[in-house]
Amino acid sequence: MANAIQSQTNITVGRGLLERVLFSTVTTVPCCVFLYINGTMLLTLRSKTVFCETSRYILLFNLLFADTVQLALSQLLYILAACGIRLMYPLCGVLTMLSDLTYEISPLTLVVMSLERYVAVCYPLRHSTLVTIRNTEVAIIVVWVFSSLNVLTKVILLLHFPFENLESLQMKYFCARENMLLGRMSDNYDKAFTYFLFVSAGVAVTSSYIGVIIAARSASTDKTSSQKARNTLLLHLGQLGLSLSSTIHNPLLIAMSKVLDRIILVRIQIFLYVCIVIFPRCLSSLIYGIRDQTIRPILIYNLCCQWRHSLSLSVISTKAKICMHTS
């Protein structure tokens, strides 16, 4: 989620320029690395016909796209908070609502991917008729519409806030998702929807896992296929758990800020941000990039080619500068 942390209000007070640059760099470097990997993975999933015509790869592309946008927005809001920049309410509202939209896409897409694996193992003869390209596209549209309706509801609740009574539309605190929950109704709705989303997603993925385990005991089921499906569903549960852990990121920091020293709190904040906000957004690329035999060679090739291309451009640029100096 967009974790431009509310506790930054206390953490960044009195922090020097060098300290701010250092802490921002610590989070920006891994974020850029993961964005590079995710971007290469997205290009890989559009490089071959098999990826564009297979349902699970189409769903994976949707998951990666949402995670990549979410990662970029999270880092943007984090840097704004670390630099002490306070936005106007309308601009912050656009950023946080877009972050909310992509944040909810991930667990919903994981549910659809889990159901696809369940059908593949438990109903292999009907898989080709149930899991078609058209049905997959419809499922993705439903996911985006459902998430968009939730964002629209939040916008409607936000419009009931008396902004005309404010002296200025500039925010008093840093732009964060929590700071845009203006009013008790917005806060209660956000909590209720978050609980409903993750409980429903958890039940769906767990049920799919149990169904695959039961089907694996059948003599007619392919043992290798069921084993791979079980491992994939376990990974989906792990991804869902990491996404859920990001919802307690801010409340945990606020609670610790009352008992810990500022420097220690900043270090814990950076560690938690990298582990439960940045890293989960690249988990899908790492999981499928390493495990999937079809994706792995193409992904490695694309990563190597881009690295060599960047290196060659750097060498050409250096030679050009040398020639200009010598002439």
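Could you run through the range 165-213 and say how many residues are touching a residue at least 12 places away in the same chain (Cβ under 8 Å), open to solvent by 40 Å² or more (accessible area, probe 1.4 Å) and among the β-branched types (Val, Ile, Thr)?
Count: 2.
Residues in the range 113-128 that are surrounded by fewer than 13 Cβ atoms within 10 Å (Cβ to Cβ) and within 13 Å of Thr54 (Cα to Cα): how many?
The total comes to 1.
Looking at Thr40, Thr27, can you tell me which residue is in contact (Cβ under 8 Å) with a residue 40 or more places away in the chain, under 16 Å from Phe271 (Cα atoms), within 19 Å of the chain's Cα centre (by Cα) and open to solvent by less than 20 Å² (accessible area, probe 1.4 Å)?
Just a single option satisfies the conditions, and that option is Thr27.
Results for (1) modelled with pLDDT under 85; (2) under 17 Å from Ile300 (Cβ atoms); (3) of a type in the set (Phe, Trp, Tyr), shown as yes or no for each residue.
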{"position": "Ser47", "(1), (2), (3)": "yes, yes, no"}
{"position": "Leu63", "(1), (2), (3)": "no, no, no"}
{"position": "Thr68", "(1), (2), (3)": "no, no, no"}
{"position": "Ala82", "(1), (2), (3)": "yes, no, no"}
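Only helices (runs of 4 or more DSSP H) wholly contained in the range 45-141 count here; list those with 3 or more residues that are touching a residue at least 60 places away in the same chain (Cβ under 8 Å).
55-82, 89-122
List the number of the failed condition for Lys154; all other conditions in (1) touching a Leu at 6+ places or on another chain (Cβ under 8 Å); (2) open to solvent by less than 20 Å² (accessible area, probe 1.4 Å) hold.
So the condition that Lys154 fails would be (1).
For the range 133-151, give me the residue count where each residue is more than 23 Å from Phe193 (Cβ to Cβ) and open to solvent by less than 40 Å² (accessible area, probe 1.4 Å).
1
The values are calculated or read from the model by the stated rules, or taken from the named source; none is laboratory data. These numbers were taken from a predicted model, which means no experiment stands behind them. Please note: Cβ atoms are built from the backbone with ideal geometry, for glycine as well, and neighbour counts cover all protein chains shown. Quick note on the areas: whole protein, heavy atoms, side chains included, nothing else; ligands and nucleic acids left out. Shrake-Rupley method; radii C 1.70, N 1.55, O 1.52, S 1.80 Å.
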